[in-house]
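See below for the structure under consideration.
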Amino acid sequence: MKYIDPHIHMVSRTTDDYQRMAMAGCVAITEPAFWAGFDRSSPQGFHDYYRQLTETEPARARAYGIHHHCWLCVNPKEAEDPGFAREVMSLIPEFMDRPNVLGIGEIGLNKNSRNELIILEEHLALAASLDQLVLVHTPHLEDKLKGTRLIMDAIDNAGLDHDRILIDHVEEHTVGEVLDRGFWAGMTLYPETKCTPQRAVDILETYGTDRLWMNSAGDWGPSDPLAVPRARLEMRRRGHGEDMIKTVTWDRPLTFLSRSPRFRVADD
Ligand SMILES: [Zn+2]
């Protein structure tokens, strides 16, 4: 059965991972721009990263029949210096017309600081002016609920359409509010932190499948690029039907991502 992994950081993964994902049924992925595990020393470092996301990774994925897409931004962890962040943001428009770019992301907050919020607001204004979809990162652990609310308020102030925004890394204490306010929500499946596949299926059983998807967020830390098929096994083990499994791991990401005419799951 085919699936989409709508949030995975393939720049940190090996080609073997592409092969294993393809063998498990993955046909399309989206890769948000994020923190590489170290702070880049110059805006040029981001220029090279955007080239990697729009040139190198699509070619690497294609060798395994996977359609690769990406989102561009300055991640919140490197947004603490607004002058630096603005220099990087000035590079983004030249990449927005590339064929695999879906929108702005993953923007959001990390420590909920004043400077992060300023740069978040400027990204939202950029998304509004370029009419782009938005993918949002929410903070970890104790900062998550407060940060998620700050982000949703900033989106309201920017006047963006909630139906074109996905708020990622939701957990039990944030998912209800995100869905109630009309946003899409993503559950990030990590082996230990954020949502385990078991917790994600609990959330689906509680909140239903409307405007909700799951992703592996596979990156350079402890993570699992096969987390989505693993969650499918958990759904089956609990007796959920193939219809529900397909809804969550195919229909939902397909509906949201298809708001960009560039999103593809098959060769034309
Ligand atoms: Zn991410």
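Observations on the structure shown:
- Per-residue [θ]222 nm for the chain (sum of -39500 (n - 2.57) over DSSP H runs n ≥ 4, rounded to 500): -11000 deg cm²/dmol
- Mean Kyte hydropathy of -0.5 or more with a Cα span along the axis of at least 18 Å, helices from DSSP in the chain: 114-130, 144-158
- Charge tally around Pro225: other residues with Cβ under 13 Å, Lys/Arg +1 each, Asp/Glu -1 each, net -3.
- Convex hull of alpha carbon positions in the chain: directionally averaged projected area 12.7 nm².
- Filter on Lys146/Lys194; Lys194/Lys246; Lys144/Lys246 - keep pairs with C-alpha separation over 19 Å: Lys194/Lys246; Lys144/Lys246
Coordinate-derived values only; no laboratory data. All of these numbers come straight from a predicted model, not from anything done at the bench. Virtual Cβ from ideal backbone geometry, glycine too; neighbours counted across all protein chains shown.
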